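Structure record follows, encoded as structure tokens.
The values are calculated or read from the model by the stated rules, or taken from the named source; none is laboratory data. Because the structure is a prediction, the values reported are computed rather than measured. As a convention, Cβ positions derive from the backbone with ideal geometry for all residues, glycine included, and neighbour counts pool all protein chains shown. When the accessible area is computed, the model is the full protein with side chains, heavy atoms only, and any ligands, DNA or RNA have been set aside. Shrake-Rupley method; radii C 1.70, N 1.55, O 1.52, S 1.80 Å.
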Amino acid sequence: MKKVYGSAAEALDGLLFDGMLIAAGGFGLCGIPELLIAAIRDAGTKDLTVASNNAGVDGFGLGLLLETKQVKKMISSYVGENAEFMRQYLSGELELEFNPQGTLAERMRAGGAGIPGFYTKTGVGTVIAEGKEVKTFDGQDYILERGLVADLSIVKAWKADETGNLVFRKSARNFNPPAATCGKTCVVEVEEIVPAGSLDPDKIHLPGIYVHRLIQGEHEKRIEQRTTRKREEA
Amino acid sequence: MAAETKGWDRNQMAARAAQELEDGMYVNLGIGIPTLVANYVGDKDITLQSENGMLGMGPFPYEGEEDPDLINAGKQTITELPRTAYFDSAMSFAMIRGGKIAAAILGAMEVAENGDLANWMIPGKLVKGMGGAMDLVAGVGRVIVVMDHTNKHGDSKVLKECTLPLTGKGVVDRIISNLGVLDVVEGGLRIVETAEGVTRDELRAATEATIVD
């Protein structure tokens, strides 16, 4: 089965519909599927619910879909970097469901692993626990969180082979593997697609079974906070 | 700048917090004063976790060597070390929730005498989100809070009960403030030590929470 597509638009063809739930990889602007996000903006798909740790920044990443008001609801742990997000949220145009970061990651992992719910002590006794089942195990309270299954996963990896086996790079891995596993369909963008057999099978981070469509492209890879030290301080 | 603050300054608080760390520990440091703790670990063999998916966090890169694929949980560019390992967010929080991280050192807006912690939102103000803080306080072995003892109006931030939405219930083990060190114990807080130039009475006076002897 052919997984490699010529462009982000081609790779998304037939997969997008209004009101869909999309899981996106990335942390801040690191390891975000920037090409697929731009293609979703161009496609104009509306009323999206997007599960992503962050919401990009104004003018980049998921911020693009906020500007065009294609997003109805975000499921995120932290949205601090985005003025347009705040404006839409405070004016009631945008819904926001805060998930603790580890709960969001585990919801994706569980969803992809066929686990419809799990108990966690994260958020017990806080607003996060409101309306959720509490169960006591060995004298400690846990809350029930649901596995998350998305209509579509959009993911960024470093390299892929033609069969969709993925390798990530440094901290750009972050939410990408769990996001990839929780989608009914998963589309991945990479910096380089190599022939099958050229990746060491022992060093594959996510096997191609999770990957349905694949594109290669140029990435801007914007830095959110450039922090450095002077050489003299070494 | 809070030049009038009595007791320890930011760096002295960080240095005191670094004394909590023991050789061989895997530790998560929050943003702000907790980040400074890394400067005071000395010869101790400490591995820093960054919850976006890294163990063995190194210092900021030299100018020109920033890598957009290598950031910490504060989204700052950083470097790796010979011991560094990368993993995904689900595994990162599996090790946090699973109690594998020995300690987290975090900032706080309020702490209560029962160990309740509030550090993620102020109702009516901009809400940015809890990030990984709720997972950290629920999961790690020991939660150490580093904070100013009072707010800019002089009101205590060490309270009988938190007024802000909680990050975690009964999660704090130790408070290190500019005025001293307090432990959360049965019935309230116990003074472990006072900062240089601060008396126990001054520490008590700045604390709304119950102090037990």
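Just for the stretch A:117-128: of the residues that are surrounded by fewer than 20 Cβ atoms within 10 Å (Cβ to Cβ) and within 21 Å of B:Ala118 (Cβ to Cβ), which one is nearest to the other protein chains (Cβ to nearest Cβ)?
Let us first name the residues in the stretch A:117-128 that are surrounded by fewer than 20 Cβ atoms within 10 Å (Cβ to Cβ), namely A:117-119, A:125, A:127.
Adding the requirement that they be within 21 Å of B:Ala118 (Cβ to Cβ) leaves A:125, A:127.
Details: A:Gly125: 3, A:Val127: 5 Å.
Across the stretch A:117-128, the extreme among qualifying residues is A:Gly125.
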So, in the stretch A:120-166, how many residues would count as being part of a strand (DSSP E or B) and in contact (Cβ under 8 Å) with a residue 60 or more places away in the chain?
7
Residue list for the stretch A:146-162, restricted to those being open to solvent by 10 Å² or more (accessible area, probe 1.4 Å), farther than 29 Å from B:Thr84 by Cβ and not small (Gly, Ala, Ser):
A:Arg146, A:Val149, A:Asp151, A:Glu162
Mind counting the residues in the stretch B:1-41 that are closer than 23 Å to B:Gln76 by Cβ, assigned to a loop (DSSP other than H, G, I, E, B) and at pLDDT below 95?
5
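Here is a yes/no grid of residues against (1) among the polar types (S, T, N, Q); (2) over 17 Å from the mean Cα position of the chain (by Cα):
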position	(1), (2)
A:Ile143	no, yes
A:Thr163	yes, yes
A:Pro177	no, no
A:Thr181	yes, no
A:Thr185	yes, no
A:Pro201	no, yes
A:His205	no, no
A:Ile215	no, no
A:Lys230	no, yes
For A:Ala180, which of the numbered conditions (1) open to solvent by less than 50 Å² (accessible area, probe 1.4 Å); (2) over 26 Å from A:Ile115 (Cα atoms) fails to hold?
(2)
Could you check the stretch B:66-84 and list, in sequence order, the residues that are in contact with a helix residue (DSSP H, G or I) (Cβ under 7 Å, 6 or more places away or on another chain) and not acidic (Asp, Glu)?
B:Leu70, B:Ile71
Just for the stretch A:202-230: of the residues that are more than 22 Å from B:Lys75 (Cα to Cα) and facing chain B (nearest Cβ under 9 Å), which one is least open to solvent (accessible area, probe 1.4 Å)?
A:Leu206
Identity of the residue in the stretch A:190-201, more than 14 Å from every other protein chain (Cβ to nearest Cβ) and assigned to a strand (DSSP E or B), that ends up farthest from A:Leu16 (Cα to Cα)
A:Val194
Looking only at residues in the stretch A:170-189 that are outside any helix (DSSP H, G or I) and of a type in the set (A, V, I, L, M, F, W, C), which one is nearest to B:Thr79 (Cα to Cα)?
A:Phe175
Inside the stretch A:3-116, counting only helices (runs of 4 or more DSSP H) that do not spill past its ends, which hold 3 or more residues that are open to solvent by 50 Å² or more (accessible area, probe 1.4 Å) and away from every other protein chain (no Cβ under 14 Å)?
A:34-43
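Do we find that B:Gly99 is open to solvent by 10 Å² or more (accessible area, probe 1.4 Å) and modelled with pLDDT of 95 or more in this structure? Even if it seems obvious, please write down each step before you answer.
Details: open to solvent by 10 Å² or more (accessible area, probe 1.4 Å): yes; modelled with pLDDT of 95 or more: yes.
In short, yes.
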Qualifying positions in the stretch B:188-213 - open to solvent by 60 Å² or more (accessible area, probe 1.4 Å) and hydrophobic (A, V, I, L, M, F, W, C):
B:Ala205
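Looking at B:Thr163, is it over 18 Å from the mean Cα position of the chain (by Cα) and farther than 23 Å from B:Gly131 by Cβ?
Numbers: over 18 Å from the mean Cα position of the chain (by Cα): yes; farther than 23 Å from B:Gly131 by Cβ: no.
Judged against the criteria, B:Thr163 is not a match.
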Does the stretch B:23-37 contain any residue that is charged (D, E, K, R) and crowded, with 18+ Cβ neighbours inside 10 Å?
no
Condition (residue is touching a strand residue (DSSP E or B) at 6+ places or on another chain (Cβ under 6 Å) and either under 30 Å from A:Glu220 (Cα atoms) or polar (S, T, N, Q) (or both)) applied to the stretch B:9-28: is it met by at least one residue?
yes
Of everything in the stretch B:44-60, what is part of a loop (DSSP other than H, G, I, E, B), within 9 Å of chain A (Cβ to nearest Cβ) and within 19 Å of A:Arg173 (Cβ to Cβ)? Give them in sequence order.
B:Glu51, B:Asn52, B:Gly53
Across the stretch B:167-187, which residue is farthest from the other protein chains (Cβ to nearest Cβ) among those that are part of a loop (DSSP other than H, G, I, E, B), open to solvent by less than 30 Å² (accessible area, probe 1.4 Å) and not polar (S, T, N, Q)?
B:Leu179
Could you say whether any residue in the stretch B:47-63 is small (Gly, Ala, Ser), open to solvent by 40 Å² or more (accessible area, probe 1.4 Å), closer than 19 Å to A:Arg226 by Cα and more than 16 Å from the chain's Cα centre (by Cα)?
no
